[in-house]
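This report concerns only the one structure given below.
What follows draws every value from the coordinates through simple rules; no lab data is involved. Since this is a predicted model, take the numbers as computed values, not measurements.
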Amino acid sequence: MPGDRLLLVGLGNPGAEYAGNRHNIGFMAADAIARREGLAWGRSRFHGLTAAGRLAHREVLLLKPSTYMNESGRAVAAAARFYKIPPEDVVVFHDELDLASGKLRVKQGGGAAGHNGLRSIDALFGNGYWRVRLGIGHPGDKRRVLGHVLDDFDEADRQWLGPLLAAVAEHVALLVAGEAAAFASKVALSLAPPKPRTPRPAREDGVTLQGEGTAGDPKENGDKRHGPEQES
């Protein structure tokens, strides 16, 4: 992603009735980035809402198409052609059925895999752009797919949705800088559960072995006989 300007696109359907849908997680990601970076959504342009600013020393244009999902390519093509942004400098955030809920993957190019928004972009703009695939999980039966993507995130989903969106917004500067692998790694680390603490070994009388700090150990408590603790 070497150009001076980057186009970040969040996919979704416009309207309050779709706002909480799983299909709209791309819109949610764009909103999270705008909030964190202090970017305001301005007037409607390029068949969508836009917000502009600088991030990681690059000009960034955020775009949420105001067309329905299956016409997203109209907005992406209009914005990219106006600013002469090539596909390799376009990143699309979208929902991914074939990825476990709360997981994220980044790739450049590839097929639409049945996603109407991607299919529209491929047809009207090309398919060499970057995709940030945001997992919403598969319902297990293809007959339930439409209802699944157009249903709102439920309470269980919200346990991972907020942290995922926050991690995307926190680390998006890496993506803007062209470090897609580092971006994906940082997001994964942010969402990983904390490692359990290893129990400290103790003697049979319950006293911690020499060299292992405890609440009563001067080394852990910063006992002045052992010198002051250093902050790291």
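Assorted remarks:
- Whole-Å distance, taken between Cα centres, linking the stretch 25-54 and the stretch 99-163: 19 Å
- Our coupling estimate for the stretch 9-22, obtained by passing each phi through the Karplus curve with A = 6.51, B = -1.76, C = 1.60 and θ = phi - 60°, is 10, x, 9, x, 9, x, x, 4, 5, 9, 4, x, 5, 4 Hz, Gly and Pro reported as x.
- Cross-linked pairs Lys142/Lys195; Lys64/Lys195; Lys64/Lys186: Cα-Cα separations exceed 31 Å for Lys142/Lys195; Lys64/Lys195.
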